[in-house]
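Trainee: Here it is, the structure in full.
The values are calculated or read from the model by the stated rules, or taken from the named source; none is laboratory data. Predicted model only: the values in this text are computed from it and were never measured. When we count neighbours, we look across all protein chains shown, and the Cβ atoms used for this are built from the backbone with ideal geometry, even at glycine.
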Amino acid sequence: MSTKYPGLKRKHIDASSSDEETTIQIDSWARFIVIEASDHQALKLNPFAISKAINGCCGKVENVSRLRNGSILVECARRQQSLNLLSLSQFANVEVVVSAHRTLNSCRGIVRDRARCLSDMSEDEIVTELSTQGVTAVKRFTRKQDEQIIKTHTYLFTFSLSKIPPSIKAGYFNIGVEVYVPNPLRCYKCQHFGHGAKTCTFSPICARCSGSHESTECTAAIKCANCKGDHLASAKPCPAFLLQSQVLKIKHTNNISFHEAKKLVQSQSQITSVKSYAAAATITPFVQAATVSVGCQTTISWVGNQQMLNDSPAPSSPNTTTTSSSQTELVASSKTSQSESSPINGDIPLTKTEKKKLKKTARALQHLEVPSSQPTPVKVQNQFEPLAMEVTPSSTGHGSGPPSRSRTPVEPP
């Protein structure tokens, strides 16, 4: 008996493969390669010859820079470029030694084992189990309590990667990885930061008094060799120590070089030290423009911030004098406050924009005339001149002339 669809066959899927554990494997390789001369001298090659030699060997790379000792640092984009450069013995007809960079090809991170899943394992066992994820070294932190050394559940992992991974997979646990920020390195010989005593080429400086001698058995006054403060050079509240800590935090967080992080910190400190325009505007006193009322003559013609209100009614006749005197006081007080509060000759520096605004305000106040405090006499001008003839009252009678406008008083009965 034939089936309805003879061409189709049932497929059997083996589900046993899905039960296998999947492990994260990270392909770690040296991204930063150092090319130096075989005699450990500076490579005397022009940039054009270096660019042509690198392009002919491995093609276009991410970045090429020159180090202080004259060697060349190459940042590769692919694994094959790194392998090609590591196999070189001659570079632009010069005998060279090629090696991976000592610190840029690795990174360190903090792992906090809150689940206590790594507490029963040794450091070597952890490295063996996590070697496929780029882990090359593990260090477990300890603390001292009651003269006993107690192991903590915090680990320092070293990865053979240029950037730390966000997490690692320990069996069926996912553990997050944090950025490790080391303490600033201080030289015990010259007390400066950034290098150790083994590579120091400076003269010795005392860590107690900053004198030109070693720190052993010194009883002089305490003086910091870095900031000249009244503390030891090893004090953590020292401004130099705090600055180095901030630079290292930015360096490891953003994964940039030390010099780039130091430039960022210096630029941020300069921005915060410069006074902003908003801060200057709040410090600068506000100059109120004078207002003069020339309209109706009322008891209060204009109410200003510097004018007192009088609830008692004023007499009708000296209204004009009161208004003019209040206007005089208002304009005079505004000009006086402007001259006193003007910060042009003060200690607070002003910007060009603020100076222009003050000049415009002064010009606007110059056009306002300040009336005198004494009332001016009012002159009455008559359009008709006085008559030169004498006028006598006319007698009452009937005549052709116009009747007299004078009326006799009416006597009561």
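Trainee: Considering only the range 115-130, state which residues are without any contact (Cβ under 8 Å) to a residue 40 or more places away in the chain, loosely packed, with under 14 Cβ neighbours inside 10 Å and not charged (D, E, K, R).
Mentor: Once the filter is applied, which keeps residues that are without any contact (Cβ under 8 Å) to a residue 40 or more places away in the chain, loosely packed, with under 14 Cβ neighbours inside 10 Å and not charged (D, E, K, R), the range 115-130 yields S119, S122, T128.
Trainee: Evaluate the range 187-208: report whether one residue or more is touching a strand residue (DSSP E or B) at 6+ places or on another chain (Cβ under 6 Å) and surrounded by fewer than 16 Cβ atoms within 10 Å (Cβ to Cβ). Don't jump to the end; show me each part of the working.
Mentor: Filtering the range 187-208 down to residues touching a strand residue (DSSP E or B) at 6+ places or on another chain (Cβ under 6 Å) leaves 193.
Now drop any that are not surrounded by fewer than 16 Cβ atoms within 10 Å (Cβ to Cβ), which leaves none.
No.
Trainee: Moving on to the next point. Within the range 64-96, can you find the residues that are part of a strand (DSSP E or B) and either touching a Leu at 6+ places or on another chain (Cβ under 8 Å) or over 24 Å from H259 (Cβ atoms) (or both)?
Mentor: Applying the first criterion (part of a strand (DSSP E or B)) to the range 64-96 yields 64-66, 72-75, 90, 95-96.
Listed by number, the residues that qualify are V64, S65, R66, I72, L73, V74, Q90, E95, V96.
Trainee: In the range 97-137, how many residues are outside any loop (DSSP other than H, G, I, E, B) and within 30 Å of I35 (Cα to Cα)?
Mentor: We begin by selecting, within the range 97-137, every residue outside any loop (DSSP other than H, G, I, E, B); these are 97-100, 107-112, 123-129, 131-133, 135-137.
Filter again for within 30 Å of I35 (Cα to Cα), leaving 97-100, 107-109, 131-133, 135-137.
The qualifying residues number 13.
Trainee: While we're on this one: Among the residues of the range 167-195, count how many are within 32 Å of the chain's Cα centre (by Cα) and not in a strand (DSSP E or B). Can you show your working first?
Mentor: Applying the first criterion (within 32 Å of the chain's Cα centre (by Cα)) to the range 167-195 yields 167, 176-187, 191-195.
When the remaining residues are screened for being not in a strand (DSSP E or B), the result is 180-185, 187, 191-192, 194-195.
Number of matching residues: 11.
Trainee: Moving to a separate point now. Please work out which residue is farthest from the chain's Cα centre (by Cα), limiting yourself to the range 134-164 and to residues that are surrounded by 12 or more Cβ atoms within 10 Å (Cβ to Cβ) and modelled with pLDDT under 90.
Mentor: G134
Trainee: Could you please let me know if L85 is surrounded by 11 or more Cβ atoms within 10 Å (Cβ to Cβ), touching a Cys at 6+ places or on another chain (Cβ under 7 Å), more than 23 Å from T158 (Cβ to Cβ) and not β-branched (V, I, T)?
Mentor: On the way: surrounded by 11 or more Cβ atoms within 10 Å (Cβ to Cβ): yes; touching a Cys at 6+ places or on another chain (Cβ under 7 Å): yes; more than 23 Å from T158 (Cβ to Cβ): yes; not β-branched (V, I, T): yes.
Considered against the rule, which asks whether it is surrounded by 11 or more Cβ atoms within 10 Å (Cβ to Cβ), touching a Cys at 6+ places or on another chain (Cβ under 7 Å), more than 23 Å from T158 (Cβ to Cβ) and not β-branched (V, I, T), L85 comes out as yes.
Trainee: Another one. Could you give me the residue pairs with C-beta distances under 7 Å whose first residue belongs to the range 53-74 and is closer than 13 Å to V34 by Cβ, whose second residue is of a type in the set (K, R) and at pLDDT 90 or above wherever it lies, and which are 6+ apart or on separate chains?
Mentor: Correct list of pairs: I72/R66.
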